[in-house]
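Here's the structure we're looking at; comments come further down.
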């Protein structure tokens, strides 16, 4: 009995202790919540933070605990609250200034910095359906995210007490008070009062309305910087816009960029001309890439960023031109499992199949995987010609720790196709433009067995480490290789409007390998009242290459108004010459720094500088040389209306390395790097909750030290070229479902001083004066829910092929339209291109472009 009684007593005591412990914990949490929900009325008359906290103590009876340096002395509070919760007062008094707090009983601990915790959850409608793309924000902070299409979200923020807000078109705003605990995951779920039918209308017709104006980019400035805060002009072509237009060719994608004219190289690569200068696709996720001989498949492209103006300071000379930089942003793994399969067919035997498979590999979403693949087969509109290509692009994200994340992606692109004809015109031919040639627009002069086979291999590794709350290290490695097995290229010289001479070149084997190692340190700190957003970086680049080629002589001169035979591979191979051109290895070491300083809440400046050391090695009898370039950049921006309207100005620099020149007398002229300098000013608008986004700017780009030659062929480095003009971009969603994209560019690019005095004052080659792009689409909101229509096009002014301003490419106008039907799990669309059947020519190869055609697409989503 005694033992029994003792055991009973111990059991009762144990139960009582557990109950007390649970009760204590409950009371602590309840007390914490009740403390923050206490309503107070208080006024701060331009008081510093320490004085404001003292006043809160007197009003509430609660005490604050903090280290002396945790409270900013230079913050003055001038605000009045009536019947506001203590949480609201503290958030607007502390958290707004990145000072954090947590409740310990009836004491409040103030922290200058805090460890981070995770917030995650799911947002659903009241009928259990996922609420997609809902925005979440910790009130009075910069921390937040948008839920994915299945309603899931996850983000990190410093530990403390917050109010979590939801926001989305078609839903009432919701909020919850939450506590974030360091190194813990806080689950917060929301149920929104909306049916799945109404939600679907928001997804298809509402939420997607702003994607065309999405300019949030980490690569443009190599730091997180809003468009309204960035003194550089740039355009973004989103994946959503490309899908709506059923774009399968990167040249058509470029036509959505203000002032852009796509160019197809005779080597098979692609490029783009804007602001009077041409460039290739030379950047991929901010790192160097190339497409001069292999082109690009859009299946792995999330968006295209086109940076305007000389951008050598951050991107160097290898990735940028004097006109700017084209950066492809690839698709990244996401935490949501999804699959999209798409089939596109159309004119000229188009058959294209793509797959986008995204899946987390672990339940905790620490390992994410995505695979994009595409197969395309299409004939040319010419009677001979074809294009077959294959893409496979896997990518992996591994979250090793809360602070360290690895990203690995690769891309293998293989193409087997025919090259465009490269036309030359004899000076005595009487031909001033392609319309003068009396030759059928859809007839080829060469057989398609004169083909090309190329491969592009790309690998990218990134390690991102969060050094502290405000400092981050990003280490990057990239390898890009272009391999040409063979590339038969067609060359014609037109002797008259009816007579043409034909020859063929064969390039390959060729390889070009580019390796980059880069380190970027991003940080935020204050010096007095000044806020700094800084980038410190270094890049090491090395290239190796091999180049082989051969040419035939001219086979014949034919009259195209009579019967003739196309030239075949069997005609070419026996008479080809074979040559190997020695290519020097190259190394470049670069160091750069960029600091965005906020002088006030509205006025900021960007100061950037790059030091670039280039080395070309000696090979054979070809001399090597070294050059060092210094490239500065300055930008100023003032937000007239914060986050809505800003005025800006910039000075930007670009450069090219020049090899030494041997003069006619045997002496050597060591050239300086060639520099281009831009001055630009304008305005940016992002208003009405980003329903309106527009940029207007005027720029002047001058090359003051181009190399020119006198009558005796002596070189002098004092040539000059000036390109000036206007860029205007307008993106709007004036009513639900209606999207408007419009761009206009004016460019006057002239030779001011040159080797040949007769061309001084002439327009530079490849520079149209006026370029217009537009796209208008409407997605029906109610009865015809899911149905959409779109119409758009381009105008490109005439341009001169060379600076003698004799031969020109005529202006052209393109008109396109689409009709589509979209639901949450599938989409079908038809696109009609070049509806007016405009005959037009490429500005570089002067090859005929596609006549009237159509594409049709079916996409299934799982």
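Would you list the P(r) distribution for the stretch 548-655, with all Cα-Cα distances sorted into 10 Å bins from 0 and each bin expressed as a whole %?
Calculated over all Cα pairs of the stretch 548-655, the distribution is 11, 20, 15, 14, 15, 15, 9, 1 percent.
Sorted by average packing, counted as other Cβ atoms within 10 angstrom per residue and highest first, what order do 737-745, 242-250 take?
The peptides rank, most packed first, as 242-250, 737-745.
Give me the distance in nm between label points sitting 7 Å out from Cα along the Cα-to-Cβ direction at residue 443 and residue 726, one decimal.
4.5 nm
Just rank 718, 297, 409, 573, fewest to most, by other beta-carbon atoms within 10 angstrom.
Fewest-to-most ranking of 718, 297, 409, 573: 718, 573, 409, 297.
From the helices alone, meaning DSSP H stretches of at least four residues, give me the mean residue ellipticity at 222 nm for the chain, per-run term -39500 (n - 2.57), in deg cm²/dmol to the nearest 500.
So the calculated ellipticity at 222 nm is -3000 deg cm²/dmol.
When a/c reaches 1.5 or more, the comparison of a/b and b/c decides; with that in mind, is the chain rounded, prolate or oblate per its Cα gyration tensor?
Since a/c reaches 1.5 and a/b is larger than b/c, the shape of the chain is classed as prolate.
Say each of residue 189 and residue 774 gets a label point 7 Å from the Cα, pointing the same way as Cα to Cβ; how far apart are those two points in nm?
Simple spin-label model gives 4.9 nm for this pair.
Take 494, 471 and order them by how many other Cβ atoms sit within 10 Å, fewest up front.
By the 10 Å Cβ count, ascending: 471, 494.
Can you work out the FRET efficiency for the pair residue 530 and residue 683, with r the C-beta to C-beta distance and R0 = 35 Å, to the nearest 0.05?
The computed FRET efficiency comes out at 0.90.
Distance in nm between label sites at residue 698 and residue 424, each 7 Å beyond Cα in the beta-carbon direction?
Computed distance between label sites residue 698 and residue 424 equals 4.2 nm.
Given the peptides 321-334, 616-629, arrange them by the average over their residues of other C-beta atoms within 10 Å, most packed first.
321-334, 616-629
How big is Rg to Rh over the stretch 431-549, alpha-carbon atoms, Rh as the Kirkwood inverse-mean-distance radius?
1.30
Just to confirm my numbers, what's the Cα centroid distance between the stretch 678-728 and the stretch 405-455 in Å?
Cα centroid to Cα centroid, the span is 30 Å.
Report the full-extension gain for the segment residue 828 to residue 59: residue separation times 0.36 nm, less the Cα-Cα distance, to one decimal in nm.
Here the segment from residue 828 to residue 59 would lengthen by 270.5 nm.
For residue 471 and residue 156, calculate 0.36 nm times their separation in residues minus their Cα-Cα distance, and state this gained length in nm to one decimal.
The residue 471-residue 156 span can extend by a further 111.9 nm.
Since every read-out is calculated from the coordinates, none of them should be taken as a lab result. Just so it is clear, the structure is predicted and the values come from calculations on it, not from any experiment. Glycine also receives a Cβ, built like all others from the backbone with ideal geometry; neighbour counts cover every protein chain displayed.
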